[in-house]
Amino acid sequence: MTFPVVGMVGGGQLARMTHEAGIPLGIRFKLLSDTPQDSAAQVAGEVVVGDYRDLDTLREFARGCDVITFDHEHVPTEHLRALEAEGIPVRPGPDALVHAQDKGVMRARLDSIGVPSPRHRIVADPADAAAFAAEVGGFPVILKTVRGGYDGKGVWFVRSEEDAESPFRAGVPVLAEEKVDYRRELAANVVRSPHGQAVAYPVVESRQVDGVCDTVIAPAPDLDEELAGQAQELALRIAQELGVVGHLAVELFESTDGRILVNELAMRPHNSGHWTQDGAITSQFANHVRAVLDLPLGDPRPRAEWTVMANVLGGDYPDMYQGYLHCMARDPQLKIHMYGKDVKPGRKVGHVNTYGDDLDDVLARARHAADYLRGTITE
């Protein structure tokens, strides 16, 4: 076999869907997973169970892999530098990935290249957080641990100095950011290859519930064409300046005064790009595989006027398979993607995609299916 082997660190749903995208291309995947029950470990052909935080485990896993990539940002940066020093291709590389691992590093780098962001600084304690709040016009402010946060974890909406105590208990640096008055959250997804080819997907609207992505609409409705172009150009510039290889998601605020501000970065396939599985000519997962192997990138254009992705979250109804009969019969065009995860309240266990020419209809179909599978509605 002359086809390459992609080593994927992490066994979650992103690895599962990236592996699926590589199958038609004949790409083989080797997976480093925490447990044999992880989402991707259930379907990948070669699975190594081990600790990604252990350098020797990473070295042994990398044997026989042509390239290493990730479905999360948590591998220690120094381990990735050690792998690169030993001639193992790591994509995205540690010098890029650190900007998705450490919010303090990210903010400093984006400042240096003139990227618009909320006002921010590292704070030492609740009193320092209160001083920062005074600098930006008063409470409330946002506090974030610089490493490890995701899906609303490690993020606090702080209304007073007393309210600011929790973030500092973990003993890690804390980043303070101003609370932005924004109209909505957007995401610009781009993919870049080692030789510099890059593609940009349409800018999407991302709707959050309790800090977790709930619904994504592609393209973002009523988004000014010039502002959409600025968002895409900004994401492409960040990818180039930071040397990103693979998929980059740039989460954005559309402020009430008509600006776009960068909120977060993710250097892997991203929830805001799941709509591309059924709504784009080439999905984010397929283009991530192409990019890390330095293959020509695929067409990112949408297949339909509107595509909506709705996350399926766990509730009190564990047997989601029983809902397939209703959902598939009601909407034959519906696309269901499940992750093979145990159902727990609030846990992302799958998503649905719908598409068509009428946004209200497409949105209603997606929400109905996600709510029915969760058990929120029963008809």
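Here, each number is a calculation from the coordinates, and none is a lab measurement. For clarity, every value in this text was computed on a predicted model and none was experimentally measured. Quick reminder, even Gly has a Cβ in these numbers, built from the backbone with ideal geometry, and neighbours come from all protein chains shown.
Using only alpha carbon pairs under 8 Å that are at least six residues apart, calculate the relative contact order of the chain and give it in whole percent.
Values: 813 pairs, mean separation 48.5, N = 379.
It rounds to 13 percent for the chain.
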* Structure fact -> Among Leu175, Pro4, Tyr339, the residue whose Cα sits farthest towards the positive end of the charge dipole of the chain (+1 at Cβ of Lys and Arg, -1 at Cβ of Asp and Glu, taken about the Cα centre) is Pro4
* Structure fact -> To the nearest 0.05, the calculated FRET efficiency linking Ser112 and Asp294 through their beta-carbon distance, R0 being 25 Å, is 0.35
* To do: Could you tell me the distance between the Cα centroids of the stretch 188-252 and the stretch 259-290, to the nearest Å?
  => 7
* Dipole size in debye (nearest 20) for the stretch 179-305 around its Cα centre, Lys and Arg Cβ +1, Asp and Glu Cβ -1? -> 440
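Just the number, please: percent antiparallel of the DSSP beta bridges in the chain, rounded to the nearest 5. Walk me through the intermediate numbers first.
Working: 58 of 72 bridges.
Percentage antiparallel, nearest 5: 80.
Which helices pass in the chain if a helix is a full DSSP H run, must span at least 18 angstrom along its long axis by Cα, and must have mean Kyte-Doolittle hydropathy not below -1.0?
Working: long enough: 225-242 (26 Å, -0.14); 359-374 (23 Å, -0.36).
Those that clear 18 Å and a mean of -1.0 are 225-242, 359-374.
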* If the chain between Met328 and Glu165 were fully stretched, how many nm would it gain, using 0.36 nm times the residue separation less the Cα-Cα distance? -> 53.8 nm
* **Relative packing of peptides 322-333, 119-130 - highest average C-beta neighbours within 10 Å first** => 119-130, 322-333
* **Under 9 Å, Cβ to Cβ, from Thr282 - net charge with Lys/Arg +1 and Asp/Glu -1** => +1
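Quick one: divide the alpha-carbon radius of gyration of the chain by 2.2 N^0.38 Å and tell me what you get.
Working: Rg = 20.5 Å, N = 379, 2.2 N^0.38 = 21.0 Å.
In units of the globular-protein estimate, the chain measures up at 0.98.
Per-residue ellipticity at 222 nm for the chain, helices alone: DSSP H runs ≥ 4 residues times -39500 (n - 2.57), over residue total, nearest 500 deg cm²/dmol?
On the way: 11 runs with 109 residues, N = 379.
After summing the helix terms and dividing by the residues of the chain, the value is -8500 deg cm²/dmol.
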* **Where labels lie 7 Å past Cα in the beta-carbon direction, separation of Asp342 and Tyr317 in nm** => 2.2
* To do: Round to the nearest 0.05 the FRET efficiency obtained for Gln37 and Asp257 when R0 = 45 Å and r is the Cβ-Cβ distance.
  => 0.40
* Among Leu58, Gly45, His79, flag the residue with its Cα farthest along the positive direction of the charge dipole of the stretch 5-90, charges on Cβ as +1 for Lys/Arg and -1 for Asp/Glu. => Gly45
* Using the charge dipole of the chain (Lys, Arg: +1 at Cβ; Asp, Glu: -1 at Cβ; taken about the Cα centre), state which of Val244, Gly137, Leu373 has its Cα farthest towards the positive end. => Val244
